[in-house]
Amino acid sequence: MARRTLAIRLAMLLALWAVWEIAARSGLFYEGIIPSSFLVLDSMGRHVGDPVFYGHLARTLYEVLAGFALGSAIGLAGGIVVGAHRFTDEASAPYLHGFASTPKIVFLPILMLLFGAGPGSKVGMGAFSAFFPAVIAVAAGMAQVSPVHVKVARGFNASFLQIVRKIYLPSLVAPAITGMRLGLGVAIIGVLLAEIKFSDRGLGHLAIQHYNFFRVADMYAVLLLTFALAVLANALMGRVGKALLRRPVPA
């Protein structure tokens, strides 16, 4: 089964590559809009070998990881607080879902006023983006926790922190990982959009600079490298989630 799945994935990848290359060579599109994949691969190799690229990569990684960690931590804690009581869950749900569905880029001017035009506003955008998937997923997971277990713990005079550690957290691993994986994706998008709009460094800034000077193959190369890094990060999150789910519940 695993080999068959791998074969299907490789076939799909080859099909996408063939469609790209045929479109690039067909003459149906304006010259340069869809460059040959070989030009893009050559540009990717040049970027990987260029020390300047790693300066942009380091800035984006810092902004994404710092924003993701901050937004996830606040989101996980907020989800436990919101989901712990039906009243707080129902009262906050319209606001959380309303803000979650709003494009986060509209808040970039506010973040720039608060944290400046440097990395701080990009970290804020990443945190703001990662917060909502985490808080919504954890709050929904809290609703699935057995109230009987909570009542038994309270009957033994367990404190709220003890209930969180012994009952809530073991039950929230799956929804927390799901929310964090979604949050990582939107955090990357938020940071890249902020870098494209206003930044002097980062992968988003590098991509828009290539666009401004019509270096289309270079622009595609940066975007594909960013996509590959995002896929790798998501895969690592998935492995971490599986490892946490296999861990025994602490006594």
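The values are calculated or read from the model by the stated rules, or taken from the named source; none is laboratory data. These figures come from a predicted structure and were not determined experimentally. Quick reminder, even Gly has a Cβ in these numbers, built from the backbone with ideal geometry, and neighbours come from all protein chains shown.
State all residues of the stretch 182-227 that are small (Gly, Ala, Ser), in a helix (DSSP H, G or I) and touching a residue at least 24 places away in the same chain (Cβ under 8 Å); if no residue qualifies, say none.
Residues satisfying the conditions are 183, 185, 187, 190, 194, 204, 217, 221.
Does the stretch 114-131 include one or more residues that are closer than 15 Å to residue 72 by Cβ, in a helix (DSSP H, G or I) and in contact with a Lys or Arg (Cβ under 6 Å, 6 or more places away or on another chain)?
Looking for residues that are closer than 15 Å to residue 72 by Cβ, in a helix (DSSP H, G or I) and in contact with a Lys or Arg (Cβ under 6 Å, 6 or more places away or on another chain), one finds at least one in the stretch 114-131, hence yes.
Have a look at 98, 79, 71 and point out the one that is loosely packed, with under 14 Cβ neighbours inside 10 Å and assigned to a helix (DSSP H, G or I).
Sole residue among the options that is loosely packed, with under 14 Cβ neighbours inside 10 Å and assigned to a helix (DSSP H, G or I): 98.
Of everything in the stretch 157-181, what is farther than 13 Å from residue 238 by Cα and part of a helix (DSSP H, G or I)? Give them in sequence order.
Correct list: 160, 161, 162, 163, 164, 165, 166, 167, 168, 169, 170, 171.
Does residue 29 qualify as being surrounded by fewer than 16 Cβ atoms within 10 Å (Cβ to Cβ), at pLDDT below 90 and over 27 Å from residue 185 (Cβ atoms)?
Yes, satisfied.
Give the residues of the stretch 192-209 that are under 26 Å from residue 35 (Cβ atoms) and buried (at least 20 other Cβ atoms within 10 Å of the Cβ), sorted by residue number.
If the condition is that a residue be under 26 Å from residue 35 (Cβ atoms) and buried (at least 20 other Cβ atoms within 10 Å of the Cβ), then 192, 195, 199, 202, 203, 204, 205, 206, 207 are the ones that fit.
Among the residues that make up the stretch 140-151, is at least one of them out of contact with any strand residue (DSSP E or B) (no Cβ under 8 Å at 6 or more places or on another chain), within 30 Å of residue 61 (Cα to Cα), touching a residue at least 24 places away in the same chain (Cβ under 8 Å) and crowded, with 17+ Cβ neighbours inside 10 Å?
Checked against the condition, which is being out of contact with any strand residue (DSSP E or B) (no Cβ under 8 Å at 6 or more places or on another chain), within 30 Å of residue 61 (Cα to Cα), touching a residue at least 24 places away in the same chain (Cβ under 8 Å) and crowded, with 17+ Cβ neighbours inside 10 Å, the stretch 140-151 yields at least one hit.
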